[in-house]
1. Counting only the backbone N, which residues of region 47-68 are under 18 Å from the spot 7 Å out from the Cα of Tyr27 toward its beta-carbon?
2. In region 81-300, what percentage of the DSSP-assigned beta bridges are antiparallel, given to the nearest 5?
3. Of the cross-linked pairs Lys5/Lys38; Lys147/Lys223; Lys196/Lys223; Lys93/Lys272, which ones have a Cα-Cα span greater than 26 Å in the structure shown?
4. Per DSSP H run of n ≥ 4, the term is -39500 (n - 2.57); total these for the chain, divide by its residue number, and report the mean residue ellipticity at 222 nm rounded to 500 deg cm²/dmol.
5. Take the alpha carbon atoms of region 192-233, find their center, do the same for region 42-63, and report the distance between the two centers in whole angstrom.
6. Compare the Cα positions of Val60, Val82, Pro253 along the charge dipole of the chain (+1 at Cβ of Lys, Arg; -1 at Cβ of Asp, Glu; about the Cα centre) and return the one farthest towards the positive end.
7. Given the convex hull over the Cα atoms of region 3-64, what projected area results after averaging over all orientations, in nm²?
8. Treat the count of other C-beta atoms within 10 Å as a stand-in for reagent exposure and order Thr182, Thr148 from fewest to most.
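Please treat every number below as a calculation from the coordinates, not as lab data. Values in this document were obtained by computation on a predicted structure and should not be read as measured data. Quick reminder, even Gly has a Cβ in these numbers, built from the backbone with ideal geometry, and neighbours come from all protein chains shown.
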Amino acid sequence: MTETKQLTITTETGRIDKALTQLLPDYSRSQIQQWLKKDLVQVNDQPCKSNRKVVTGDVVTVNIPDPVTLDLTPEDIPLDIVYEDDQVLVVNKPQGMVVHPSAGHPNGTLVNALLAHTPLSEINGVFRPGIVHRIDKDTSGLLMVAKTNEAHESLSAQLKAKENLREYIALVHGNIEEDEGTIDAPIGRSKVDRMKQAIVEDGRPAVTHFTVMERFEDFTLIKCRLETGRTHQIRVHLAYINRPVAGDPVYGPRKTLAGHGQFLHAAVLGFKHPTTGEMMRFEAPLPAIFEKTLTELRENH
């Protein structure tokens, strides 16, 4: 059944979509904007658009639609499996693939592909089986996947204890003069745009170590080692020091290098095997578009 909420504007003034984001913190601004497009929101019994201004005393009626039901189905999608045994699997995720289903991406995800290949741990619930950690849709590279609950618990504990090795290669705007450095700045949801992460005082601790690999005229190739694993951590940290990842559609400049999203690749992954305790290390080569771009930058340098 559709849920109807009636809210009276008391202190929130300004655009209706922004006001509702504050008043209904369980819903994202993009969800609220979809409701506005579908005429599910009224102000003082009148339909309104997302740029409608509200003032103190306005009565807002919101008809919240039923959540979309997702069916998690195995899909025969090719996988680049780097390693596999009866406990764990390491996969090289291509750029453009979402890790697990959500309302915006109900299928075609890495999880859909994995389910067609092998049983997965059940610890993360229905829509994230086997997923111990994630990388963004437009970031390529290595992910560890748990096939059993025991393996999942072990790999998660290693992540929490910062015992894993996770190294990324990033191509960033501008010239980083230092040969190496550390960015230590807390990350949380942006107070300005709820769809973004940002450096915020009350955010969760986040630490990224970087080393310069190669310098070009207007770009720098770096290796980043994650000490923590916050959402969009590398992208937010590099934008914070004014060296955003090239091609980043969210945190980078509009004028950037052509590609299929950010030039960010999870190149190295290391962890202790859940049952043998052996330290395992894997590497994945850069995607073709990344290599091609570097070749062009070298030729123009």
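1. 47-55, 58-68
2. Working: 46 of 48 bridges.
Bridges in region 81-300 that DSSP calls antiparallel: roughly 95 percent.
3. Values: Lys5/Lys38 16 Å; Lys147/Lys223 29 Å; Lys196/Lys223 23 Å; Lys93/Lys272 21 Å.
Going by Cα-Cα distance, Lys147/Lys223 fall outside the 26 Å limit.
4. Numbers: 6 runs with 56 residues, N = 301.
Roughly -5500 deg cm²/dmol at 222 nm, from the helical runs in the chain.
5. Going from one Cα centre to the other spans 39 Å.
6. Val60
7. Numbers: hull surface 13.7 nm².
About 3.4 nm², averaged over all directions.
8. Values: Thr182 12, Thr148 19.
In increasing order of surrounding Cβ atoms, one gets Thr182, Thr148.
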